[in-house]
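Every number here is computed from the coordinates shown, using simple stated rules; none is lab data. Here the structure is a predicted model, which means the values were calculated and not measured. Neighbour counts run over all protein chains shown; Cβ positions are idealised from the backbone, glycine included.
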Amino acid sequence: MAFELLGGTHMLLFGNTILDNAQHEVSEHGTADFPIACYFDDLTQIDTPWHWHDEIEIGTVVSGSVTISTTHQEFTAHEGDCLFINSGILHSM
């Protein structure tokens with residue numbers, strides 16, 4: 001997994017995901033007035049490191065499958081499945 005150090009050892013950059021030293025994703029999603037964003041990620045092309053964020057995460061699998069891991073469980077979502085990850089939950093995909 002490739003990463004780049006930002007600001008010494010305090011921030012890590014994984015693709016478009018910026019993490020602090022507590023694995024908190026510090027990337028801004030949307031704006032302060034409208035804190036919603038929509039992304040299309042090809043998870044066969046990128047690694048998503050363990051991270052957590054203040055926002056909830058809602059997703060759908062368009063094709064294939066994806067394995068989602070939390071500290072309490074691991075499950076596989078398949079094409080057509082939807083997923084919900086609550087705020088503050090440490091997870092990876």
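For the reader, a short list of remarks on this structure follows.
- Sequence-distant residues sharing a close amide H with ILE18 (under 5 Å, placed H): VAL26, SER27
- Cα-only radius of gyration and Dmax that characterise the range 16-67, units Å: 12.3, 35
- Beta bridges by DSSP in the range 14-93, antiparallel share as percent, to the nearest 5: 95 percent
- Placing R0 at 35 angstrom, the Cβ-Cβ distance between SER69 and THR31 gives a FRET efficiency of 0.70 after rounding to 0.05.
- Added length on full extension, which subtracts the Cα-Cα distance from 0.36 nm per residue, ALA22 to ASP81: 18.3 nm
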